[in-house]
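Student: Attaching a single structure in structure tokens format; questions to follow.
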């Protein structure tokens, strides 16, 4: 189970669903897939699984406890595509206009980064710090947007 982390794929999720339908416990499924038990139980809890004793008595029978591999795969894909951190350089913002002005003055992205790092930050955005990589990427996209 050691090595580089890799996400569950649709085949592993299908195995999880089939094994749950057969009544296999998450720990046994984890051993079968050579995964950590916590990986399997997190996957199950994130995607609507409930233990047999917790399932409602009325309504449709849920042989897999409410877990469906297709919906779990779709959810994982949607979350992987969504950025985890909000962008700092948003088109139309005050910072964006400032960067555009520096670009029109002929400053390079590195010069803009150093200039912004030396400036006093506004009180409302004290938590936003600039890293060289994020600023260069955002300034690079700003250059493309401004000159096209």
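Bear in mind these aren't lab numbers, they're just calculated from the coordinates by the rules spelled out. Since the structure is predicted, the reported quantities are computational estimates derived from the model, not experimental observations. As a convention, Cβ positions derive from the backbone with ideal geometry for all residues, glycine included, and neighbour counts pool all protein chains shown.
Student: With r as the distance between the Cβ atoms of residue 79 and residue 31 and R0 = 22 Å, compute the FRET efficiency 1/(1 + (r/R0)^6) and round to 0.05.
Tutor: That pair, residue 31 with residue 79, gives E of 0.25.
Student: Determine, for 40, 112, the number of other Cβ atoms within 10 Å of each Cβ, and report the residues in order from fewest to most.
Tutor: Neighbour counts put them in this order, fewest first: 112, 40.
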